[in-house]
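Below: one structure in structure tokens.
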Amino acid sequence: MPAENRDSLDRRDFMTGSLAAAGASAFIASEAGAAQSQSGGPGSGTEYTGEVIQGKKVVSRLDVADLEPGRKHFLYFQGVETAGGQHWYVSVVVAKGLRPGKRFTLTSGVHGDEMSSIRTVQAVMDALDPAQMSGTVTAVLDIARPAVESMQRRWPNSGRGQGLIDLNREWPGDENGASAASRHAGLLFNRLLRPNSDLAIDFHTGTTGLEIAAFIIGDRTLPDVKTMADLYPVGQMWDDPAYPGVLHNAFVDVGIPCFTPEIGGARILDSEMIALFVEGTLNVLKRYGVIGGPIGRTAAEAGMRIGNAAFPIVATHGGLVEYRVKLDEEVSTGQTIAVQRNMFGEVVAEYASAVTGKMAAYRSDASSEPGNVLAFIIFSRPEPSPRLGPHPDGEGSYPE
Ligand SMILES: [Zn+2]
């Protein structure tokens, strides 16, 4: 479309201008001695903006090679510019080992209501002693910053009136993209995540209104993903090549093995599930030689059930939904999963599983209109799982 092309070119000119201005201010800050900016070609070198927020230096580009080894570094990454002319700053913790080794990146908060994902990464970082480490672990904690502020899944976008954007459908983003969410993703991916990662893990939970079991989403045909996933003491894995625009998929597309742990319900800190995923992540860091110590419990001990497909049960009616099975329960083909009643209490629908598998997620909001996904059952089918298309309810048939 010619109009769209023109729009996009205009925007690129505008963004290029503003990036040049940002470069100039970084240079001035460096000259003033407020920053330790180091030169480097595109995609390398740390750029300090010269600002300090609540005691944390601000970077607009990070190369962990520039950081002092043997200690932890607490920084803000300057994300996308806001309508008020400031920026969304993202919290970054780098544990830089005394000795060289693998560089891991742990991400959380891509959805703003997934609190256990943030706490899991915090707890892993707390357990690390850089003086004893070989390699680097970078934690990026509150990626969808404005969504975290209001504890909601999606990014509140102000493009054409208030809108909501799922940041985990935007990766790898575009620094010149049409939405703030796309530009934020592009800035993080190009200047923080990709340049500092040999391996990565993107932590999530269920979403508001969707309770989930502890499970892992990842592509087991990737050897490192299989190795890492099998080190988690959790009950389920969805072996899947992933959904377009998802962060862990963007990592994989540039050759960085990555997968997504799912840590229970949204909005809460689920301490039991957090402990499982902290143990699993420390197992991974031990397996790759970043830290020492014996491997803890793994998937083998947890009896992890691996499925290559997620069967969605979709509501056909409106009304209140009662479930007949619990999370992590084995279900068989034909088994009743849920019963739905209208406002008179009359049964309007009974939902049965068409597959044999394990309950991975269910809708926790008691009422539902037609078209909502009520439950996901992870199961195995003989042929490999295709990439899923969007579901008509707009949420996608992808339980993360
Ligand atoms: Zn999520």
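The values are calculated or read from the model by the stated rules, or taken from the named source; none is laboratory data. None of the values given here were measured: they were computed from a predicted structure. Heads up, the Cβs are rebuilt from the backbone with ideal geometry, glycines too, and the neighbour counts pull from every protein chain shown.
It is to be established whether one or more residues within the range 90-112 are under 22 Å from the mean Cα position of the chain (by Cα), within 16 Å of the ligand (Cβ to nearest atom), closer than 30 Å to residue 159 by Cβ and among the polar types (S, T, N, Q).
Yes, there is a match, as at least one residue in the range 90-112 is under 22 Å from the mean Cα position of the chain (by Cα), within 16 Å of the ligand (Cβ to nearest atom), closer than 30 Å to residue 159 by Cβ and among the polar types (S, T, N, Q).
Suppose we keep only residues that are modelled with pLDDT under 85 and more than 16 Å from the ligand (Cβ to nearest atom) within the range 353-389. Which one would you say is farthest from residue 169 (Cα to Cα)?
Checking each candidate, the answer is 382.
Using the structure shown, decide if residue 206 is in contact with a Phe, Trp or Tyr (Cβ under 6 Å, 6 or more places away or on another chain), in a loop (DSSP other than H, G, I, E, B) and crowded, with 21+ Cβ neighbours inside 10 Å.
Against the criterion (in contact with a Phe, Trp or Tyr (Cβ under 6 Å, 6 or more places away or on another chain), in a loop (DSSP other than H, G, I, E, B) and crowded, with 21+ Cβ neighbours inside 10 Å), residue 206 does not qualify.
Just give me the residues in the range 103-126 being basic (Lys, Arg) and in a helix (DSSP H, G or I), in sequence order.
Listed by number, the list holds a single entry, 119.
I'm trying to understand the selection: among the residues of the range 203-241, which are within 14 Å of the ligand (Cβ to nearest atom) and of a type in the set (Phe, Trp, Tyr)?
Passing the criteria: 203, 215, 238.
Please pick out the residue among 263, 268, 274 that is at pLDDT 95 or above, among the β-branched types (Val, Ile, Thr) and surrounded by fewer than 19 Cβ atoms within 10 Å (Cβ to Cβ).
None of the others qualify; the one that does is 268.
Hey, another quick one. Just a yes or no: is a residue in the range 77-95 hydrophobic (A, V, I, L, M, F, W, C) and free of Cβ contacts under 8 Å to residues at least 40 places away in the same chain?
Checked the range 77-95: no residue is hydrophobic (A, V, I, L, M, F, W, C) and free of Cβ contacts under 8 Å to residues at least 40 places away in the same chain.
Could you go through the range 248-260 and let me know if any residue there is within 30 Å of residue 348 (Cβ to Cβ) and crowded, with 20+ Cβ neighbours inside 10 Å.
no
If a residue must be acidic (Asp, Glu) and either surrounded by 14 or more Cβ atoms within 10 Å (Cβ to Cβ) or within 11 Å of residue 361 (Cα to Cα) (or both), how many such residues does the range 312-329 contain?
Selection size over the range 312-329: 2.
Can you tell me how many residues in the range 113-164 are within 15 Å of the ligand (Cβ to nearest atom) and β-branched (Val, Ile, Thr)?
Counting residues in the range 113-164 that are within 15 Å of the ligand (Cβ to nearest atom) and β-branched (Val, Ile, Thr) gives 6.
Is there any pair linking a residue in the range 205-227 that is in contact (Cβ under 8 Å) with a residue 12 or more places away in the chain to one that is more than 13 Å from the ligand (Cβ to nearest atom) and polar (S, T, N, Q), with Cβ under 6 Å and at least six apart or on different chains, and which?
As it stands, the answer is 209/364; 211/364; 213/236; 215/236, since those pairs meet every condition given.
Filter the range 170-185 down to residues that are farther than 19 Å from residue 259 by Cα and part of a helix (DSSP H, G or I) and give me whichever is nearest to the ligand (Cβ to nearest atom).
Checked the range 170-185; the qualifying residue nearest to the ligand (Cβ to nearest atom) is 181.
Residue 200 - would you say it is within 16 Å of the ligand (Cβ to nearest atom), assigned to a helix (DSSP H, G or I) and surrounded by 24 or more Cβ atoms within 10 Å (Cβ to Cβ)?
When the stated conditions are applied, residue 200 does not pass them.
Related question: Based on what the data block shows, is residue 44 at pLDDT below 95, in contact with an Asp or Glu (Cβ under 7 Å, 6 or more places away or on another chain) and part of a loop (DSSP other than H, G, I, E, B)?
Yes.
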